[in-house]
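Take a look at the structure below.
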Amino acid sequence: MKNNLFKIVSLIVLMALLSSCSSLGVKPWERDLLAKPEMAVNSSPLDQAVDDHIYFSKEASSGGRSFAGGGCGCN
Amino acid sequence: MQLKNHLKMSVKEHDSSYKIALASAALLGATMPRAQAEVLGWDASASFLGYSEQNRVSAGEFIGTASKKYHQTALFDIKVVADVLTGASANGAVAQKFVQTFTSPSGKDFYTSNANQTPLDKTFQDLRGALSLNWSDAITDVSNYRIGGNVSLEHDYSALSINGEYSHDFFQKNTTFSLGVSVGTNQVKPEGGLPIAFSSMFIDGINRGEDGNLPQGFRDTRNGNSDNVTDAEILLGYTQIINRRMLVQFNYGHSESNGYLTDPYKILSVLDNNGVAQDYLYENRPDSRTKDSFYVMTKYHLEQSIVDFSYRYMTDSWNIKSSTFDVHWHFLTGNNSFWEPHIRYYTQSAADFFTPYLDQSVHTPEFASADYRLGNLDTFTVGLKYGFTLNQQHRAEIRLEYYKQQSKNQSLIDSRVATSHSSGLSGLNLFPDVSAVVLQFSYYF
């Protein structure tokens with residue numbers, strides 16, 4: 001089940017990579033919505049820092065969105 | 001010259017004055033020296049967090065950030081974190097039908113656990129301070145770099161790391177590739193010294209006080225005062241704008257940690273054929289760990305809301321595999337406020353060397369830990385955030401989250417230990433659920 005999930009995610013990545021040169025994207029004047037702070041890739045860095053710290057200390061996984069190093073002795 | 005001096009003073013007095021001065025200068029056709037045009041003021045935020053587990057750990061945390069722009073593209077930011085933890089933490093031993101006594105990590109005190117209760121180390125408390133500095137700037141119109149450093153200090157753990165990232169935009173900035181590297185060094189200095197792997201906990205049930213001398217039996221379980229861990233990590237990122245409303249991000253991360261990765265405060269119960277504890281041994285983990293993570297995130301702007309969905313798959317050299325699903329739904333309202341529900345689901349498989357306890361009749365393995373965080377685990381988070389803007393500049397946010405952990409180790413108990421159905425364990429809940437509440441208040445100046 002998890003292997004299948006991994007393959008699906010890999011496939012999505014590959015498809016996106018292959019198609020990124022053609023029809024995807026916007027013109028500079030079409031960035032009205034994308035320019036909102038809420039659409040930033042990391043729009044809530046404080047919350048993210050708090051969550052990363054909690055989950056790092058309570059679970060065996062870390063990283064993904066950003067670096068995995070916890071910088072604390074909580075795990 | 002007078003105009004230049006006037007502009008310099010305006011910058012120091014107020015940001016808006018600076019903007020007016022800039023406009024005036026433009027109208028007058030004056031040329032501003034670059035150094036004077038670079039100062040644009042500070043942005044700051046403060047966040048207070050309360051974290052409370054039912055009958056276990058409580059934590060309070062403060063995070064302060066400040067950032068300052070230089071000329072058009074550079075940003076310096078600083079983050080300060082201070083937190084305090086107290087309460088009780090599972091020590092790794094299993095519940096029994098009788099009261100159990102343990103020695104505290106310092107060796108100077110003892111604590112007990114009630115019959116039928118998961119043993120918790122009640123002496124657990126810690127203070128932490130951390131500082132993070134970052135500098136980012138553009139190299140060209142389509143490339144950027146960021147460098148940073150972090151330091152974190154606790155009485156028994158210190159960490160130092162530096163990191164750097166390069167990113168490059170393609171196709172009218174619709175596509176961004178990034179490469180990040182981080183290296184770090186950590187010092188582990190456990191209370192009471194470093195326990196010898198699989199040494200037997202010395203227990204005499206005596207409180208010696210802070211100034212008391214450590215008994216020889218406790219000293220015999222120790223080997224040195226500190227050890228180190230080194231970390232190295234690489235993070236590859238690819239961000240793609242799909243259309244006016246949607247973007248996706250893919251990250252691949254690989255990290256390697258080497259050194260003392262054992263938890264010096266965790267032990268394992270050694271059970272006889274009847275499931276009754278005969279001994280407690282300090283755990284032992286491998287001294288290296290590599291992790292690989294695959295992360296995909298998408299944001300979609302609906303008419304009045306923004307959906308943020310992410311999935312992470314992680315696998316490591318300890319044979320832990322995990323999946324994380326995370327959804328934030330940001331609802332924009334008309335009066336400068338928003339609501340944001342949050343749901344997260346996480347599931348992991350157990351590390352190779354995880355075992356709920358050790359059998360007395362079986363030879364002790366090379367590595368073993370009963371830390372439930374390395375076992376089969378599902379966790380759930382539900383939360384809600386509300387934010388609003390004050391004076392069209394300052395923003396306040398309040399967030400409430402509920403977090404629940406469910407250990408699913410019955411199959412492991414059946415497969416990894418021989419005495420799983422012995423009378424001494426019947427009716428005991430060896431891995432009870434853990435739940436926590438998080439309350440956070442943030443203010444952006």
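The values are calculated or read from the model by the stated rules, or taken from the named source; none is laboratory data. In this text the structure is predicted, and so the values were computed from the model without any measurement. With ideal geometry, Cβ positions are generated from the backbone for all residues, glycine too; neighbour counts draw on all protein chains shown.
The single condition among (1) facing another protein chain (nearest Cβ under 9 Å); (2) buried (at least 18 other Cβ atoms within 10 Å of the Cβ) that B:Gly193 does not meet is (1).
So which of B:Ser113, B:Ser132 ends up being free of Cβ contacts under 8 Å to residues at least 24 places away in the same chain, of a type outside the set (Val, Ile, Thr) and surrounded by 15 or more Cβ atoms within 10 Å (Cβ to Cβ)? Don't jump to the end; show me each part of the working.
Details: B:Ser132 fails: free of Cβ contacts under 8 Å to residues at least 24 places away in the same chain.
Answer to the check: B:Ser113.
Name the residue, out of B:Ser422, B:Ser426, that is buried (at least 16 other Cβ atoms within 10 Å of the Cβ) and among the hydroxyl-bearing types (Ser, Thr, Tyr). Walk me through it before giving the result.
Working: B:Ser426 fails: buried (at least 16 other Cβ atoms within 10 Å of the Cβ).
Just one listed residue meets the conditions, B:Ser422.
Scanning region B:307-324 for residues that are among the β-branched types (Val, Ile, Thr), over 17 Å from the mean Cα position of the chain (by Cα) and surrounded by 20 or more Cβ atoms within 10 Å (Cβ to Cβ) yields a single hit, B:Ile320.
Consider region B:423-445 and keep the residues that are aromatic (Phe, Trp, Tyr) and part of a loop (DSSP other than H, G, I, E, B). The one that is farthest from B:Ala370 (Cα to Cα) is B:Phe445.
Looking across region B:325-343, just one residue is surrounded by fewer than 15 Cβ atoms within 10 Å (Cβ to Cβ), under 21 Å from the mean Cα position of the chain (by Cα) and not β-branched (Val, Ile, Thr), and that is B:Phe325. State whether one or more residues within region B:318-327 are facing another protein chain (nearest Cβ under 10 Å), touching a strand residue (DSSP E or B) at 6+ places or on another chain (Cβ under 8 Å) and assigned to a loop (DSSP other than H, G, I, E, B). Yes - at least one qualifying residue is present in region B:318-327.
Filtered by the rule that a residue be within 7 Å of another protein chain (Cβ to nearest Cβ) and hydroxyl-bearing (Ser, Thr, Tyr), region A:44-65 gives a lone residue, A:Ser61.
This table checks each residue for (1) hydrophobic (A, V, I, L, M, F, W, C); (2) under 16 Å from A:Leu33 (Cα atoms).
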| position | (1), (2) |
| --- | --- |
| B:Glu303 | no, yes |
| B:Arg312 | no, no |
| B:Ile320 | yes, no |
| B:Val327 | yes, no |
| B:His330 | no, yes |
| B:Ser337 | no, no |
| B:Arg344 | no, no |
| B:Thr347 | no, no |
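Just one of the numbered conditions (1) over 29 Å from B:Val99 (Cα atoms); (2) exposed (fewer than 14 other Cβ atoms within 10 Å of the Cβ); (3) more than 33 Å from the chain's Cα centre (by Cα) is not true of B:Asn213: (1).
Has region B:80-100 got at least one residue that is within 14 Å of chain A (Cβ to nearest Cβ), of a type in the set (A, V, I, L, M, F, W, C), closer than 23 Å to B:Gly375 by Cβ and part of a loop (DSSP other than H, G, I, E, B)? Looking for residues that are within 14 Å of chain A (Cβ to nearest Cβ), of a type in the set (A, V, I, L, M, F, W, C), closer than 23 Å to B:Gly375 by Cβ and part of a loop (DSSP other than H, G, I, E, B), one finds none in region B:80-100, hence no.
Among the residues of region B:156-190, those that are out of contact with any strand residue (DSSP E or B) (no Cβ under 7 Å at 6 or more places or on another chain), more than 7 Å from chain A (Cβ to nearest Cβ) and surrounded by fewer than 17 Cβ atoms within 10 Å (Cβ to Cβ) comprise B:Phe170, B:Lys173.
Can you name every residue in region B:332-351 that is in a loop (DSSP other than H, G, I, E, B) and modelled with pLDDT of 95 or more?
Taking region B:332-351 as the starting set, the residues that turn out to be in a loop (DSSP other than H, G, I, E, B) are B:333-336, B:349-351.
Once the filter is applied, which keeps residues that are in a loop (DSSP other than H, G, I, E, B) and modelled with pLDDT of 95 or more, region B:332-351 yields B:Ser349, B:Ala350, B:Ala351.
Give me the residue from region B:101-128 that is more than 30 Å from B:Gly41 (Cα to Cα) and within 13 Å of another protein chain (Cβ to nearest Cβ) and, out of that set, farthest from the chain's Cα centre (by Cα). Working first, answer last.
Of all residues in region B:101-128, those more than 30 Å from B:Gly41 (Cα to Cα) come to B:101-127.
Adding the requirement that they be within 13 Å of another protein chain (Cβ to nearest Cβ) leaves B:105, B:124-127.
Working: B:Pro105: 23, B:Phe124: 18, B:Gln125: 17, B:Asp126: 15, B:Leu127: 15 Å.
The qualifying residue farthest from the chain's Cα centre (by Cα) is B:Pro105.
Restricting region B:382-396 to residues that are within 21 Å of the chain's Cα centre (by Cα) and within 13 Å of another protein chain (Cβ to nearest Cβ), the residue that is nearest to B:Phe338 (Cα to Cα) is B:Lys385. Of all residues being within 23 Å of B:Pro264 (Cα to Cα) and of a type in the set (A, V, I, L, M, F, W, C) in region B:363-383, which is surrounded by the fewest Cβ atoms within 10 Å (Cβ to Cβ)? Just the residue, please. Only one residue fits best here, namely B:Phe367. For B:Asn274, the requirement of being under 19 Å from the mean Cα position of the chain (by Cα), surrounded by fewer than 20 Cβ atoms within 10 Å (Cβ to Cβ) and more than 12 Å from chain A (Cβ to nearest Cβ) is not met. For B:Thr364, the conditions (1) in contact with a Pro (Cβ under 7 Å, 6 or more places away or on another chain); (2) assigned to a loop (DSSP other than H, G, I, E, B) are fulfilled apart from (1).
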